[in-house]
């Protein structure tokens, strides 16, 4: 045994803890803030780790591995669990064999998601136990407990974290030389457990209820739930990162710190409520603990004084403490404000992004730029409607491109485009979707479009990676999660195989080809697919001959600025291309678009 | 040893090495046996966005986030990014800003205005007079690679921290976080930062 102290993020700690718990299989689809869990696990050569095609598949692969008796970790972001909900509910019904832990990484405050949701409700919905760590040490410790729990109670365990827990680093003490337990891999035939015919499922349901009763008993005594003695004037019930804020604000209160947040321990809560004068719940997002505590007939307050949405923080908890009268309002520090109207720095497509050219082309079709106001609204219908999807390319919504009209959830662009067409809008409709998103859930949309003869154009932006989450491989990249060469799924093969006859593949950095491909697809009143292919700028290491502006030829028309390339800037009223960030020969989109041919290769080479 | 709490906010633009700098400081504090919490907000993975790193060091740290009005130090690698965090600095807190402007697209498009140095300094004066602009980009360039900016700035900051770190701890933390081939120049950048800071009174 060798105890070491490390500064780890919650995600790193989960990966380390799961490894120490003896997992043999890990599956995931990338999604902020969960991605680093599988990235870290993929580095261990004695486990199998995969990027699954989507979260549903990840859960199914995980379930199969569990049935074989091995410990398995499945991780995803909150909205990923929506995709995986079907097999997740099924896993809750069949139960498991090898420990199965499902990570839901929620994103309060929507740092990088399409929505906010509190996935603690999934534990109640699926009737499975849920653990919630508050920092990296707990992430490391609890994940190991989670596997024991899973096997002891024959259930998947929901392990719920949030962005702040997943991405914060804190000190973890761990056994660096911990020996992983070996396991027997064996599938036992048991149709009553594994084949969910109604007759079998009906028999499983009472067992699920029995499991929750047993787990409730467990919750009463587990060290995951702890009382921290303090002043009995106020008792705080808290969990997750909310506990960290509460400890700072209510520095001398009595605490019930819940590491297991479903099912709750009724006796423990009643006892705790009995010994404090006032009971207060500090939790992020929904009043999940509060409502479940109230169901036990215990008087408690919480959301009356705390925000019900957005990320929680110390100031909000402090504000609540003032409202309930435990803290006096100490505003020694006067409020100050930053300068008014500071320019924002919204995320943009990178210099050399292969998506920029295609979006520039789309932005110039159908008089979009004329009819959209500054906020991207219009009473008129543009002659081109662009349904969008989830990825870096969603950023094309922002000015100057403004080339996206919808973005709902993974894969929705194609279905939405079909719906708009079937509803009878008179405009042309283009669905724009990335390569990883297409693999995730665009394929069923294409099949639907073929089957139902949708007259839409689908533009698949193929940059060869899952870029927005930090460049993970996917079925179309030919590289496995663990860095090995593997089979490559062809996007055009899938599309043609589904029955699309008008399929074009174009070079993303050849603007003329991109424009003519999109034009011809729009003119051809059948289902058309244009695959715009070009290497992601961040993965692109070549960077020769950055472009520069020949100011004698430049007439300041501003076309190049409409690409939204961060390298193209205006300094002291003059156009200027930042040589440090320009991708040069790899891109040349601005050079191709400049009407005055004023953008030229710079003489000197800049290497990075 | 009596340990002062230190809440250090580091801000910059994606690609400037903000998170790496705070990682090194975090590792140094860990090596001192202190409690450390660190949280970064970088939005999506694109280049060129705003980056913020909250680093809290002390005997025991609970919240990973620094609260408004409580940052002991603001270390900014770019001026506009500094200006966003005026309300986070505590009264008489320390503000160190790299004298560099990276204009966002809205400036190039002419729809917004980049604040001038005096406006930025004046906004901080509401809270503190301990404000210093240092030309870190120039110093890093003189060292031979402007990408050493982050480590130069960290060296500059290290001179003013109320927790004393042994020089060996700094070196160890930098070594742990950086690839061997760029280690030498970064160690020099750190030392240069300390040296420049030693003649500054804050």
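The numbers here are math on the coordinates, done by the rules we state, and not lab data. Predicted model only: the values in this text are computed from it and were never measured. Glycine gets a Cβ as well: all are built from the backbone with ideal geometry, and neighbour counts include every protein chain shown.
Side notes on the structure shown:
- For segment A:225-323, averaging the sequence separation of C-alpha pairs within contact (under 8 Å, six or more residues apart) and dividing by the residue count gives a relative contact order of 30 percent.
- Neighbour-count ranking [beta-carbon atoms within 10 angstrom, fewest first] of A:448, B:35, A:106: A:448, B:35, A:106
- Residue mean of other protein chain beta carbons inside 10 Å, A:163-171: 6
- Between the helical axis of A:55-67 and the longest alpha-carbon principal axis of chain A there is an angle of about 40 degrees.
- Distance from segment B:158-202 to segment A:208-259 (C-alpha centre basis), Å: 42 Å
- For B:99-106, mean number of other protein chain Cβ atoms within 10 Å: 5
- Cα centroid separation, segment B:91-156 to segment A:570-593: 24 Å.
- Shielding by other protein chains, B:115-127, mean Cβ within 10 Å: 2
- Among B:127, B:188, B:84, the largest mean-square fluctuation in a Gaussian network model of chain B, built with springs joining Cα atoms closer than 10 Å, belongs to B:84.
- Label-point gap, in nm, between residue A:519 and residue A:487 - each point 7 angstrom along Cα→Cβ: 4.0 nm
- Listed peptides A:375-382, A:169-176, B:192-199 by packing density, highest first (mean Cβ within 10 Å): A:169-176, B:192-199, A:375-382
- The angle between the Cα long axis of helix A:266-275 and the main principal axis of chain A comes to about 70°, on a 0 to 90 degree scale.
- Here the contact order of segment A:354-533, divided by its residue count and restricted to Cα pairs under 8 Å and six or more residues apart, works out to 21 percent.
- Based on alpha-carbon atoms, the Kirkwood radius and the radius of gyration of segment A:286-356 give Rg/Rh equal to 1.22.
- Separation in nanometres of the label points that stand 7 Å from Cα toward Cβ, at residue A:425 and residue A:197: 4.8 nm
- Whether segment A:547-601 is rounded, prolate or oblate, judged on the alpha carbon gyration tensor where a/c under 1.5 counts as rounded: rounded
- Mean Cα-pair separation over length for chain A, i.e. relative contact order, pairs under 8 Å, 6 or more apart, %: 11 percent
- Across the protein assembly as shown, counting alpha-carbon atoms alone, Rg and Dmax equal 27.6, 82 Å.
- Within a Gaussian network of chain B (alpha carbon springs, distance under 10 Å), most fluctuating of B:61, B:95, B:36: B:61
- Residue A:512/residue B:113 FRET efficiency (R0 35 Å; Cβ-Cβ; nearest 0.05): 0.40
- For peptides A:178-186, A:58-66, A:87-95, sequence by mean Cβ density within 10 Å, most packed first: A:58-66, A:87-95, A:178-186
- Each peptide in B:139-146, A:550-557 was scored by the mean count of other Cβ atoms within 10 Å over its residues; highest first, the order is B:139-146, A:550-557.
- Taking only the alpha carbons of chain B, we obtain Rg and Dmax values of 16.1, 54 Å in that order.
- Amide N of segment A:263-278 lying under 17 Å from the label point, which is placed 7 angstrom from the Cα of residue A:216 along Cα→Cβ: A:263-272
- The helix-based estimate of mean residue ellipticity at 222 nm for chain B, built from -39,500 (n - 2.57) per DSSP H run of four or more residues and divided by its residue count, is -11000 deg cm²/dmol to the nearest 500.
- Helix A:198-221 axis versus longest C-alpha principal axis of chain A: approximately 60°, rounded to the nearest ten.
- Annotation: extensible slack from residue A:267 through residue A:299 equals 10.1 nm (criterion: 0.36 nm per residue apart, minus Cα-Cα distance).
- Cα gyration tensor category, rounded, prolate or oblate, for segment A:513-608 with a/c compared to 1.5: oblate
- Two-site label geometry, residue A:597 and residue A:309: point separation in nm, points 7 Å out along Cα→Cβ: 5.4 nm
- Cα gyration tensor category, rounded, prolate or oblate, for segment A:354-533 with a/c compared to 1.5: prolate
- Percent breakdown of C-alpha pair distances by 5 Å bin, ordered from the shortest bin, for segment A:161-316: 2, 8, 14, 16, 15, 12, 11, 9, 8, 4, 2, 0
- For a label point 7 Å along the Cα-to-beta-carbon line of residue A:181, residues of segment A:194-237 with backbone N under 15 Å: none
- For chain A, calculated [θ]222 nm from helices alone, where every DSSP H run of n ≥ 4 adds -39500 (n - 2.57): -9500 deg cm²/dmol
- Distance from the C-alpha centroid of segment A:83-99 to that of segment A:22-58: 17 Å, rounded to the whole angstrom.
- Potential extension, residue A:496-residue A:328 segment - 0.36 nm per residue separation minus Cα distance: 53.6 nm
- If the chain linking residue A:377 and residue A:341 were pulled fully straight, counting 0.36 nm for each residue of separation and taking away their Cα-Cα distance, it would gain 10.7 nm.
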